[in-house]
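Asker: Here's a structure for you.
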């Protein structure tokens, strides 16, 4: 592009983590857990030391004690529940350790899928995580970015995303969607909720704005290289190659590139290591030797992963509530709106926290994620809209109730006046219905008014009692998370 020079960079090690959400029915949670265990997924807990080096490939081992100390206590017990019946994020993991070849734009990238996580989050939201690493000893920066940019597309729709293939021994997958749902996460497929109006995987989440997985990347470049602003910009946007196979950067303005990078960069470990956060990815680029980065890589696989996953869940959950209240119509009863308010209140009190980490680095990276995901704006918008909707329906309910009370008052007054003065004697003891045909015009008014008022009162009592029983049954069935 004019004004910017694309500098070459060789990558010696690449670790990729892909996250994507799905929706499931809370009533099927237990069945889903049983299916995962049947297909050799293991429930992850911090007290199982044998899991510390099982899922991360390349002899990488995380430290459970660091996970235990990184998050604040009120977050820790939800991120790492000790039992499957506890409230929180239930992580099921499975080792894959299979090599694949990804073919795109005439290039072939050898990579390994090390493991997969299926995390069952509160309120019927789940997150699938794929962990992958580069199999070659060296690859160009542009080829790696091009691979990540295409692999994260589940269902290619644009011309620039099509034309990819994934090879694995004698198997061939045309899309990432086929690889994930028909091969790696096959037991999950039957439990995903699909919206009949929306085709494809994201029919499961009609409120999600992008049909691409979120990526988290740790790249190690040749230690004789130099990290530049244009490389960090390309990393944030996953600018690999264009449709013709040429290297590209999605800006021609050096000043724009500088402003963008300055706003999103985390340079605590500069000049050898940088982390940049965007809407598409949270990526670290380092020119240190791998042996010097073992702790950083371990943190990338552990505390940074959980920090990203938690805030990604926040974003999905806020979009879910925003979508659901947009679907409310005036024909819905007030209970539906009350359930939405209860949902956001539980989410706010149990899970949504601005501070989640005890460490300075954790707090700083958390702030980057909150800014990029626009969490505070989403949260305030959701609370305001739901509250406004509740007040509007509450006012409508008050008007209906006032109208009903007005009618009952009229019935009470009319029946009282007429009943006490005209026909009350006929209704003492055993009612003589033979006298009814002989009533005068005003006696007929009193009789009809009284009987109608009594019938209306009985109907209101039956309706109110029935509605309370029905609401109690709905509350019993509803997710208690």
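Asker: Identify the residue in the stretch 32-67 that is over 24 Å from the mean Cα position of the chain (by Cα) and part of a helix (DSSP H, G or I) and, among all such residues, is surrounded by the fewest Cβ atoms within 10 Å (Cβ to Cβ).
Answerer: 50
Residue by residue, here is whether (1) within 25 Å of the chain's Cα centre (by Cα); (2) exposed (fewer than 15 other Cβ atoms within 10 Å of the Cβ); (3) part of a helix (DSSP H, G or I); (4) at pLDDT below 95 holds:
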{"position": "250", "(1), (2), (3), (4)": "no, yes, no, yes"}
{"position": "261", "(1), (2), (3), (4)": "no, no, yes, no"}
{"position": "283", "(1), (2), (3), (4)": "yes, no, no, no"}
{"position": "296", "(1), (2), (3), (4)": "no, no, yes, yes"}
{"position": "307", "(1), (2), (3), (4)": "yes, no, yes, no"}
{"position": "318", "(1), (2), (3), (4)": "yes, no, yes, yes"}
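Asker: Take the stretch 217-248 and flag every residue that is exposed (fewer than 15 other Cβ atoms within 10 Å of the Cβ), more than 14 Å from residue 6 (Cα to Cα) and under 33 Å from the mean Cα position of the chain (by Cα).
Answerer: Across the stretch 217-248, the qualifying residue is only 243.
Asker: Listed residues 167, 150; which is modelled with pLDDT of 90 or more, farther than 30 Å from residue 123 by Cβ and within 23 Å of the chain's Cα centre (by Cα)?
Answerer: 150
Asker: Given (1) under 21 Å from the mean Cα position of the chain (by Cα); (2) part of a strand (DSSP E or B); (3) free of Cβ contacts under 8 Å to residues at least 40 places away in the same chain, where does residue 85 come up short, assuming only one miss?
Answerer: Just one mismatch for residue 85, condition (2).
Asker: Next question. Check the stretch 69-89 and report whether any residue there is under 21 Å from residue 282 (Cβ atoms) and surrounded by fewer than 16 Cβ atoms within 10 Å (Cβ to Cβ).
Answerer: Looking through the stretch 69-89, at least one residue is under 21 Å from residue 282 (Cβ atoms) and surrounded by fewer than 16 Cβ atoms within 10 Å (Cβ to Cβ).
This table checks each residue for (1) in contact with a strand residue (DSSP E or B) (Cβ under 7 Å, 6 or more places away or on another chain); (2) assigned to a helix (DSSP H, G or I); (3) on the phi > 0 side of the Ramachandran plot.
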site	(1), (2), (3)
133	yes, no, no
145	no, yes, no
148	yes, yes, no
160	no, yes, no
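Asker: Which number in (1) under 26 Å from residue 186 (Cα atoms); (2) surrounded by fewer than 22 Cβ atoms within 10 Å (Cβ to Cβ); (3) at pLDDT below 95 marks the one condition that residue 112 misses?
Answerer: The one condition residue 112 does not meet is (3).
The values are calculated or read from the model by the stated rules, or taken from the named source; none is laboratory data. Everything numeric in this text was worked out from a predicted model, so none of it was measured. Note that each Cβ is placed from the backbone with ideal geometry, even for glycine, and that neighbours are counted across all protein chains shown.
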